[in-house]
Ligand code: HDD
Ligand code: HEM
Ligand code: HEM
C-alpha cells in the first residue's frame with residue numbers, strides 16, 4: 001500500500017513539474033526569440049507577467065520529487081546517486097544558470113542579451129538533460145559489477161532511443177508552453193501575441209505527435225517487456241491521442257482556448273501516467289522495484305501523514321496565488 | 001588527492017555548503033526585518049519604513065533566487081556525492097527533509113504574492129499579513145534542515161540488527177539530543193547576521209555623509225535587532241557548549257585542545273599546538289572557564305581527548321574556528337550595546353564615525369562567524385558522517401569524475417560570487433533611496 005501511495009504522489013509531482021516546468025522553460029525560449037526578432041512589446045510582457053510571480057514555485061516541484069524519492073525509496077538514492085554524478089551535475093549547473101540569470105535579468109540590470117540568451121537556451125537544455133533519466137530508468141545503462149554501480153555514458157550517447165526521447169522532450173516543452181501562452185494571451189486580450197503563439201502551437205504539434213510515436217516504437221528495441229506492457233494498456237495512449245486532436249482543433253479554430261490547454265494537459269497526463277503505470281513495478285530496470293525497495297512502514301506512514309498535512313497548507317495557498325495572478329483578468333491585462 | 005573521491009567529495013560539499021549557507025542565513029533572517037519595517041510603517045504612517053521594507057524586499061528577492069539555486073544543488077548533490085549515506089539517512093531522517101520542501105513551497109508561494117501586490121489591497125495591513133507566511137516558511141525550512149544536521153551528530157530513533165536499520169521512529173530521530181541547542185543557535189545567528197548586514201548598509205550610507213532621516217531610522221531599527229539577537233546568540237551558544245560537553249565531548253575537547261580529563265578545566269584562546277608534545281604556546285588561558293562553559297561549575301570535570309582512540313579524534317584545527325566564532329560574537333554584542341548606550345544617553349553621539357565603521361565591519365565578520373561555526377561543527381564531527389554508525393570515508397561516491405565536477409561547480413560559484421554583488425549594487429545605485437522618496441512612489 002505504502003509503495004503505491006508513494007509512487008503515485010511522486011508521479012503526480014513529476015507530472016506537475018512537467019507541465020509547469022515546460023511552460024516556464026518554453027516561455028524563456030520564446031522570450032529570447034521575441035527579443036532577437038524585436039517582437040518585443042507583445043509577447044514578452046505577457047510572458048513576464050505570468051512568470052514573475054511563479055518562477056520559484058516551479059523549482060520546488062523538482063526538489064519535492066527528488067526528496068520524496070529518497071524518502072519513499074531510499075535505495076534509489078544509492079543507485080541513481082552513484083551513477084548520475086556527471087549528468088546530474090551538468091543538469092544542476094544548467095538549472096543554476098537559469099535560475100540566477102532569470103533573477104539577474106528581471107530584477108537587476110534589465111535588458112541584457114547575454115542573460116536572456118542563457119535564460120532561453122537553458123530552457124531547452126534542461127528538459128533534454130532531465131529526460132535522459134527516464135531513458136536510463138529503462139535499464140541497460142546502469143550496470144552493477146562486483147558491487148560497484150556504473151553509468152555507461154558512451155552507450156547512452158550513441159543510443160538512438162535516448163536521442164529520440166531528448167528530442168521529444170524539447171518539442172513537448174515548446175508545444176506545451178505555446179498552447180498555454182496562446183490561452184494566456186487571449187485572456188490578456190492581446191491579439192498579436194495570440195496569433196503568434198497560436199502559430200507556434202501549430203508548428204510544434206506535428207513534431208510532438210510524430211516523436212511520441214517514434215519513442216513508442218523504439219522502446220520495443222530497447223525494453224521489450226515495457227513495450228509489451230504499454231501495448232496491453234494501449235487504451236490510455238489512445239485517450240492521449242484523442243485529447244491531442246481536440247486540443248489542436250480548438251486552437252486552430254481559436255475557440256475555448258482554456259479548454260484547449262486543458263486537453264493538452266490531458267494529452268500529456270494520459271501519456272505520462274500510462275508510461276509510468278506500465279513502467280511499474282520497476283523504478284530502475286532491473287535493480288529497483290517499488291515493492292522490494294520501499295522504505296520501512298513506520299517511515300512510510302509518517303511521510304504520508306506529513307504529505308496530507310502539507311497539502312492542507314499548500315492547496316489554499318496555491319489557490320490564492322492562481323486567483324491573484326492567473327485568473328485575475330485585471331492583472332493579466334496589465335491594469 | 002585528485003583521484004581520491006572521498007577527499008574531493010568533502011571539498012565539493014564544503015564549497016557548495018559554504019556558499020549556500022551565506023544565502024540561506026540571510027534568506028532566513030531578512031524576512032523578519034522586512035515584516036517589522038512594514039508593520040511600523042503602517043502603524044506610524046511613516047513612509048520611510050515602507051520604503052525600507054520595499055528596498056529590502058527587492059534585494060532579498062535576488063538573494064533568494066541564488067539561495068534556491070544553490071539549495072537545489074546541495075539537495076541533489078548529497079545523493080550524488082554521498083549515495084551510501086543518503087540511502088541510510090533516507091530510511092531514518094527523511095521526514096524533516098520532506099517537510100522542508102513543504103516549508104519552501106509555502107514560502108515561495110507567498111513571496112511571489114508579496115512582491116507583486118504592494119498596491120493591490122485597499123488596507124495596507126492585508127499586504128503586511130502576507131509577510132508572515134514568508135517569515136514562518138523560511139524559519140521553518142531552517143528548523144527542518146537543522147534537525148537533519150543535528151541527527152548526524154546525535155543519531156537516535158532506530159536500532160541496528162546485523163547491519164540493518166530496524167525499529168525506525170521518524171519523530172524520535174528528528175527530535176534528537178542535539179536538536180534544541182542547534183536549532184535555537186542557528187536561528188538566532190541567522191537573525192543576528194541579517195540584522196548586521198542591514199545595519200551595515202545604513203551605516204555605510206551615513207558614513208558617506210548622507211544624512212537623510214531614512215538611514216537613521218534604518219540604522220536604529222536594525223541595531224535593536226542586533227543587540228537582542230547577539231545576546232540571544234551568546235546565551236544559546238553557551239547552551240550549545242554545554243550540549244557538547246554532555247553528548248559530544250570529543251568535539252568540545254578537540255576545539256579546546258583539552259587532552260586530559262580534569263576538574264577546574266581552563267579555557268584556551270588562540271595559541272599554537274606542538275602536536276607531538278601536546279603543548280600549547282602563546283595561548284591565553286582562562287582558569288576554570290572551560291568547566292563553567294561546559295557545566296556551569298568551576299570545579300566540574302571536563303572529559304579530555306585522551307579518553308578516545310586517536311583515530312576517532314576530530315582534526316584539532318577546529319580550535320581556531322571556535323575561537324573566531326566566539327571573538328566575533330563578543331564583538332558584535334559589544335558594538336550593538338555601545339550603539340544603544342550612545343543612542344539613549346544624549347551625552348554621546350550614536351552616529352560617531354568610529355562606531356559606524358565598527359558596524360560596517362560587523363557584517364562581514366558575522367558572515368565569517370557563520371562559516372567558522374559550521375566548519376567547527378562539521379569538521380568536529382569527523383571522522384563520522386553519522387556519529388557512531390557511519391564513517392565519512394565509507395559513504396562517499398566511488399566515481400572517478402569528482403574532480404571534474406569540483407572544477408565545474410567552482411567555476412559556477414566564482415561567477416555567481418562576482419555577479420551577485422555587482423547586480424545588487426547596480427540595482428540600488430540606479431535608484432537611490434532619496435530619489436525614490438522624492439518621487440513619492442510610496443503610497444499609503
Ligand atoms: C553569527 C554567527 C555566530 C556567532 C556570533 C556565534 N556562533 Fe556559535 N555557531 C554558529 C554561529 C555563531 C553557527 C554557524 O550557527 C553554528 C554552526 C552549527 C550550529 O549549530 O550553529 C555554531 C555552532 C556553535 C557550537 C557547536 C554546536 C554543535 O556542534 O552542536 C558551539 C559550542 C557554539 N556555536 C558556541 C558559541 C558561543 C559560545 C558563542 C559566543 C558568543 C557563539 N557560538 C557565537
Ligand atoms: C542535511 C543535512 C546535512 C548533510 C546531509 C550534510 C552532509 C555533509 C557531508 C557529507 C559533508 C562532508 C563530509 C565531511 O567532511 O564531514 C559535510 C561537510 C560539511 N557540511 Fe554538512 N551536512 C548537512 C548539514 C549541513 C549544514 C546545514 C551546513 C551548514 C551550512 C553544513 C556545513 C558543512 C560544511 C561547512 C562542511 C565541510 C566540512 C569539512 O571540510 O569537512 N552541513 N556535510
Ligand atoms: C545540507 C544542508 C542543506 C540542504 C540539503 C538544503 C536544501 C535546500 C534546497 C533544496 C533549497 C531550494 C529549495 C527551493 O527549490 O525552493 C534550499 C534553499 C534554501 N535553504 Fe537550504 N539546504 C541546506 C542547508 C540550509 C541551511 C543550514 C539553511 C538555514 C539555516 C537553509 C535554508 C535555506 C533557505 C532559506 C533557502 C531558500 C531560499 C528561500 O527559499 O528563502 N538551507 N536549501
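Each value in this text was obtained by applying a stated rule to the coordinates, not by laboratory testing. The model shown is predicted, which means the values in this text are computed figures rather than measured ones. Using ideal geometry, Cβ is built from the backbone for each residue, glycine included, and neighbour counts are taken over all protein chains shown.
How long are the three semi-axes of the equivalent ellipsoid for chain B, computed from the Cα gyration tensor as the root of 5 times each eigenvalue, in whole Å, largest first?
After scaling each eigenvalue by five and taking roots: 39, 28, 20 Å.
Need the C-alpha centroid separation for the stretch B:192-207 versus the stretch B:276-295, integer Å. One Cα centre to the other: 35 Å.
Once the Cβ-Cβ distance of residue A:225 and residue A:153 is raised to the sixth power relative to R0 = 25 Å, the FRET efficiency obtained is 0.55. As a ratio to 2.2 N^0.38 Å, the alpha-carbon radius of gyration computed for the stretch B:294-438 takes the value 1.57.
A straight line joining the Cα centroids of the stretch B:6-82 and the stretch A:189-231 runs 39 Å. When the alpha-carbon atoms of the protein assembly as shown are used, the pair Rg, Dmax equals 27.7, 88 angstrom. Only beta bridges with both residues in chain B are counted; by DSSP, about 100 percent of them are antiparallel.
Against the main long axis of the alpha-carbon atoms of chain B, helix B:47-81 sits at an angle near 30°. Which angle between 0 and 90 degrees, to the nearest 10, do you get for helix A:257-279 versus the longest principal axis of chain A when only C-alpha atoms count? Taking Cα atoms only, the helix is inclined about 10 degrees. Rg and Dmax over the alpha-carbon atoms of the stretch A:189-301 stand at 18.3, 56 Å. Its residue count N sets the reference 2.2 N^0.38 Å, and the alpha-carbon radius of gyration of the stretch A:2-332 equals 1.01 times that reference.
Take the alpha carbon atoms of the stretch B:117-142, find their center, do the same for the stretch B:315-391, and report the distance between the two centers in whole angstrom. The stretch B:117-142 and the stretch B:315-391 have Cα centres separated by 30 Å.
Axis of helix B:318-344 versus longest Cα principal axis of chain B: the two differ by about 30°, to the nearest ten degrees. Taking other C-beta atoms within 10 Å as the exposure proxy, B:230, B:240 rank B:240, B:230 from fewest upward.
What list do you get for A:162, B:410 if you sort them by fewest beta carbons within 10 Å?
On the way: A:162 20, B:410 15.
Least to most surrounded, the residues fall as B:410, A:162.
Using only alpha-carbon positions, what ratio does the radius of gyration of the stretch B:236-295 give when scaled by 2.2 N^0.38 Å?
Numbers: Rg = 11.4 Å, N = 60, 2.2 N^0.38 = 10.4 Å.
The value comes to 1.09.
Here the stretch B:372-397 is scanned for amide nitrogen atoms under 18 Å from the site 7 Å beyond the Cα of residue B:310 along Cα-to-Cβ, giving B:383.
Report D for the stretch B:156-261 in µm² per second (integer): Stokes-Einstein, Kirkwood Rh on Cα pairs, 4 °C, 1.567 mPa s. Estimated via Stokes-Einstein, D reaches 76 µm²/s.
Which of A:44, A:199 has the fewest other C-beta atoms within 10 Å, and how do the rest follow up to the most?
In order of increasing Cβ crowding within 10 Å: A:199, A:44.
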